[in-house]
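Asker: Next up is a structure, given as structure tokens.
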Amino acid sequence: MILDRPQRELLLPLGAAVALSLTGDSTLYAVLPNQAEVVGVSLGAVGVLLGVNRLVRIPANPLAGVLNDRMGRRRLFLLGLVLGILSTLAYGLVRGFWPMLAARLLWGSAWSLINVGGYTMILDRSTRVDRGRMTGFYQMFYLLGLTISPLVGGALTDALGFQPAVAVCAGLSAVGLAVAVTALPETGPERPAAGPKPAGPQLTLRQILALRQSDRRVLLAAGLYFVIFFVSGGVLMSTIGLYLGQRWAGGLSVGGLSVGVASLAGGLLALRSLLGIAAGPVAGTLSDRLRSRWPVVGLGLLLGLLGFALLSAGGGVLSVAGGVALVALGSGALIATLAAVVGDLAAGSQQGMIMGVLATAGDAGSAAGPFLAYALAVALDLRWVYLLCAGTLALGLVAAAVWGRERHC
């Protein structure tokens, strides 16, 4: 059996709650550019509102990790779900830039509690023998939410309007909260009932400094996590529409049918999510069966490298689709396997904090990717930007090969 009963009892309610919590945020990405006037913001403010939630998570993730180590997992995860529902309700109730900004900051804080808590619970219920498949299945639920939520939210917006649509999305997230309240177990270790509590910020700083000195492998994994989110979730996701528009501005014909650039871009992004759903569990399970997870990390980097090389070559539409598919498979494999690597290395009392560091690396990469990509696109053809991404992954591949030979984890 792939997962034992305690793991299934954790993963099913956890995965359902995580997937449903994404409905409001994913809907906003799909419809806000066309609903800016309804919300009362300028089109120029849309980019800020869609990106600020990632920026707030950079400091919020490590804090969420430390709180998970001290206070347990379940109640903080449930708090994150509640805050996520409130932020989604706020999207439909407020107007103007500053109230929407506050709602987006609230969602960023909520997702830190949800995601860091979710990964920490996965570490609690897994070992080196099965951690890869657990992180892979957790990623599958996350990507499933990212794939379905924009479709549902977009259809609801077209049918009902923006405010009723986000209210329904909040209701769907509330279903996830009900599932978690009913079925999600507490997985954190029991803590003494009495005794002095260590000072918060000082302990956090000492933990992070100890991490840097004692285990550089965690930093390498976090660095690679940053890279894959930078090139895939940041650069490719934000520029594929622009790339297609530069190549086929008037649309193109596929099998005798005329396909617009926007539809093609949406299809490629959906393909990216679907392949990531498949790649995570497969890569995680494979890493469990090998003596080291680093060969799977290397394979993921190689697939991503080949994908960006194919995109930079400037071939036809099938070549572009193949490039996106390879990057999607590589990133799906890397996200699941690197989380398992860090989980193997995390000490029991610092699991939450270390997963917070990993989540921060991913958010920083996702936030930085679009900024740098569009800054470079002013002076360079996007094919050169994709070639630089391939080069960055090649450097990561060298680092992973050297580190994997140095010591297995």
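Asker: Checking L211 against (1) in a helix (DSSP H, G or I); (2) at pLDDT 90 or above; (3) within 30 Å of R289 (Cα to Cα), only one condition comes out false. Which one?
Answerer: Looking at each condition in turn, L211 falls short on (2).
Asker: Could you tell me which numbered condition R8 fails, if it satisfies all but one of (1) outside any helix (DSSP H, G or I); (2) free of Cβ contacts under 8 Å to residues at least 24 places away in the same chain?
Answerer: (1)
Asker: In segment 285-312, what residues are closer than 16 Å to L345 by Cβ and buried (at least 24 other Cβ atoms within 10 Å of the Cβ)?
Answerer: If the condition is that a residue be closer than 16 Å to L345 by Cβ and buried (at least 24 other Cβ atoms within 10 Å of the Cβ), then S287, R293, W294, V296, V297 are the ones that fit.
Quick grid of which residues meet (1) closer than 18 Å to R272 by Cβ; (2) of a type outside the set (G, A, S):
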residue: L305; (1), (2): yes, yes
residue: G316; (1), (2): no, no
residue: V320; (1), (2): yes, yes
residue: S331; (1), (2): yes, no
residue: V342; (1), (2): no, yes
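Asker: Taking the condition assigned to a helix (DSSP H, G or I), among the hydroxyl-bearing types (S, T, Y) and under 25 Å from A336 (Cβ atoms), does Y29 pass?
Answerer: Considered against the rule, which asks whether it is assigned to a helix (DSSP H, G or I), among the hydroxyl-bearing types (S, T, Y) and under 25 Å from A336 (Cβ atoms), Y29 comes out as yes.
Matching residues to (1) buried (at least 24 other Cβ atoms within 10 Å of the Cβ); (2) closer than 14 Å to L20 by Cα:
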site	(1), (2)
L79	no, no
A90	no, no
R95	no, no
P99	no, no
W107	yes, yes
S112	yes, no
M121	yes, no
T127	no, no
R133	yes, no
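Asker: Criterion first (on the phi < 0 side of the Ramachandran plot, surrounded by fewer than 24 Cβ atoms within 10 Å (Cβ to Cβ) and touching a residue at least 40 places away in the same chain (Cβ under 8 Å)) does L160 satisfy it?
Answerer: Criteria not met by L160.
Asker: Given the criterion in contact (Cβ under 8 Å) with a residue 12 or more places away in the chain and outside any helix (DSSP H, G or I), identify the matching residue among R104, R95, R70.
Answerer: The unique qualifying residue is R95.
Asker: Could you please give the count of residues in segment 243-276 that are at pLDDT 80 or above and either assigned to a helix (DSSP H, G or I) or exposed (fewer than 15 other Cβ atoms within 10 Å of the Cβ) (or both)?
Answerer: The qualifying residues number 12.
Asker: Examine segment 27-44 for a residue that is among the small types (G, A, S) and in contact with a Lys or Arg (Cβ under 7 Å, 6 or more places away or on another chain), and state whether such a residue exists.
Answerer: Among the residues of segment 27-44, at least one is among the small types (G, A, S) and in contact with a Lys or Arg (Cβ under 7 Å, 6 or more places away or on another chain), which makes the answer yes.
Asker: Take P13 and decide whether it is surrounded by fewer than 20 Cβ atoms within 10 Å (Cβ to Cβ), within 22 Å of the chain's Cα centre (by Cα) and farther than 27 Å from E186 by Cα.
Answerer: Judged against the criteria, P13 is not a match.
Asker: I've got another one for you. Filter segment 146-157 down to the residues that are surrounded by fewer than 23 Cβ atoms within 10 Å (Cβ to Cβ), under 22 Å from the mean Cα position of the chain (by Cα) and of a type in the set (G, A, S) and list them by number.
Answerer: Result: G154, single match.
Asker: Hey, another quick one. Taking G47 and the conditions (1) surrounded by fewer than 19 Cβ atoms within 10 Å (Cβ to Cβ); (2) in contact (Cβ under 8 Å) with a residue 60 or more places away in the chain, which numbered condition does it fall short on, given that it satisfies the others?
Answerer: Of everything listed in (1) surrounded by fewer than 19 Cβ atoms within 10 Å (Cβ to Cβ); (2) in contact (Cβ under 8 Å) with a residue 60 or more places away in the chain, G47 misses just condition (2).
The values are calculated or read from the model by the stated rules, or taken from the named source; none is laboratory data. Keep in mind it's a predicted model, so treat the numbers as computed, not measured. Cβ coordinates were reconstructed from backbone atoms using ideal geometry, including for glycine residues, and neighbour counts include every protein chain displayed.
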